[in-house]
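Before any comments, here is the structure.
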Amino acid sequence: MDDASHDLANRTDMSAFWMPFTANRQFKAAPRMVVSASGMYYRSDDGREILDGTAGLWCVNAGHGRPEIAAAVNHQLMSLDYASSFNAGHPLAFDFASRLAKVAPPGLDRVFFVNSGSEAADTALKMAIAYHRARGEGQRIRLVGRERGYHGVGFGGISVGGLVNNRRVYPLLASDHLRHTHDPARNAFSRGLPDHGAEWADELEQLVALHGAETIAAVMVEPVAGAGGVLPPPKGYLERLRAICDRHGILLIFDEVITGFGRTGSAFASTRFGVTPDIMTTAKGITNASIPCGAVFASRSVHDTVIAGGAEGAVEFFHGYTYSGHPVAMAAGLATLGIYEREGLFAHAAAMSPVWEDALHGLRDIPVITDIRNLGLMGAIDLAPRPGAPGARGYEAMVKCFEQGLTVRMAGDFVALSPPLIINPAQIGQIADTLRRVIASLD
């Protein structure tokens, strides 16, 4: 986009757009607007360069403005702009699914296309219930999530999610929750995986005793909780959770919408941790955020059980979306995978992770910081809340960072970061320097 196309003296009327997850009145009174992007940087409407410290919204993993993706999208729009996946098909959807299966954790080689992380979460939960029903255990409808978990905004996702504001006013599905794994008393300022807390997985045994294993369909967690505060799992926690699920015939679902496609330094967090779920959700980095798309990966066992459970000629899984396997999204996804592979971006993220870790933990001496967490190219910094004004310090930090040329995520009094995987050491240093100036200035 040409920077000059946005006229500050004649700004577009902002009243019609009801913005998501935004304090609309607050934002529109003092908007922060970007008008173009390239590589690691946005450009603001007043002409400033803004370092993207969040990869858009955890999603622009290969950096902004990739010509390979733009060319693939343009070609696809001009050759086949849309085709339904309901009782019809087009080659790109099958090609992309096959390519994804090759980079997925071993065994997760059946792919169902959706359009977002929220749709992926609800799809995965429906798959789990359908699987048990096909096995003759239709009473398994209860879902287990985790406090501070985020699985999108569908009714299934908010039911297993553990962010209170997402849940409090809406009816929920039958669900229960494990406690979160944030334990600053024992694990504050951990580098990578915390040493303490694997035993928190044992709470699943308590939920089994309370509800009965025969009622529980699935446990859904983020391998690394993202929106809830960048909470890496304690050492051994995911392995323990996997073992308990196996013991009771419960499916394990990993939400890798954030952690997928290189964010942890591996293709997927499950690959990095060596713990394979039965179902895995993805979105965001799957197309470098260029076109909305998501994919749910299912094990052969889950897929084959559901498919075999339907009568010959009948639809086995009554679920899908108009845009499942959209040709343009498939083209964008194939181009994105090509970039990841040719440029070795997952390995580059792994190589940058120690530099990132040192830069973030180098801020530890700032008095207002109460905790720092990191894994791969993810990070979070907790700020002591102001008395009587929770969230105010975090919001001020976000605004000041933008004013000083850096985008960060804020939720309450923590600042979250997840830069594009193409980041270099100098840019990591720029992020750390900006954070130091801003956080040290907060009263």
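Of note:
- Euclidean distance between Cα centres, segment 154-171 to segment 203-239, Å: 16 Å
- Cα shape, segment 32-119, gyration tensor, a/c 1.5 rule: prolate
- In sequence order, calculated HN-Hα J values of segment 207-223 (Karplus, 6.51, -1.76, 1.60; Hz; x Gly/Pro): 5, 5, 5, 6, 9, x, 4, 5, 9, 9, 7, 7, 10, 10, 9, 7, x
- Comparing PRO234, PRO31, PRO106 in a Gaussian network model of the chain where C-alpha atoms under 10 Å apart are linked, the largest mean-square fluctuation is found at PRO31.
- Modelled this way, with points 7 Å down the Cα-to-C-beta line, the labels at PHE17 and ARG135 are 4.6 nm from one another.
- For peptides 335-348, 143-156, sequence by mean Cβ density within 10 Å, most packed first: 143-156, 335-348
- Relative contact order for the chain, counting Cα pairs under 8 Å that sit 6 or more residues apart, in percent: 21 percent
- Projected label points at LYS102 and GLU68, each 7 Å from Cα along the beta carbon direction, are separated by 1.4 nanometres.
- Residues of segment 308-443: accessible area per residue with a 1.4 Å probe, Å²: 39 Å²
- Burial order of peptide ranges 378-390, 312-324, 84-96 (average beta-carbon count within 10 Å, highest first): 378-390, 84-96, 312-324
- Normalised radius of gyration (Cα atoms, divided by 2.2 N^0.38 Å) for segment 177-247: 1.14.
- 1.4 Å probe accessible area per residue over segment 166-222, in Å²: 47 Å²
- Enclosing the Cα atoms of segment 365-443 in their convex hull gives a volume equal to 86 cubic angstrom per residue.
- Surface composition of segment 144-193: carbon plus sulfur atoms contribute 55% of the solvent-accessible area (1.4 Å probe, protein chains only, all chains present).
- Summarising the amide proton neighbourhood of GLY39: residues at separation of 5 or more, or on other chains, whose placed amide H is nearer than 5 Å comprise HIS64, GLY65.
- At q = 0.10, 0.12 Å⁻¹, base-10 log of I(q)/I(0) for the chain (Debye sum, equal scatterers on each alpha carbon): -0.72, -1.05
- For HIS177, nonlocal amide neighbours, meaning residues 5 or more places apart or on other chains whose placed amide H falls under 5 Å from its own, are GLY145.
- Descending by average beta-carbon neighbour count within 10 Å, the peptides 107-115, 395-403, 273-281 line up as 273-281, 107-115, 395-403, the highest first.
- In order along segment 85-96, phi translates into HN-Hα couplings of 9, 8, 6, 7, x, 9, x, 4, 5, 6, 5, 5 Hz, rounded to whole numbers, per the Karplus curve 6.51 cos²θ - 1.76 cosθ + 1.60 with θ = phi - 60° and x for Gly and Pro.
- Cα-based reach from LYS28 at 17 Å (exclusive), listing lysines while leaving out same-chain residues under 8 positions away: LYS400
The values are calculated or read from the model by the stated rules, or taken from the named source; none is laboratory data. Note that the structure is a prediction, hence the values are computed from the model and not measured. All Cβ positions, even for glycine, are placed from backbone atoms using ideal geometry, and neighbour counts span all protein chains on display. SASA here: full protein model, heavy atoms, side chains in, ligands and nucleic acids out. Shrake-Rupley method; radii C 1.70, N 1.55, O 1.52, S 1.80 Å.
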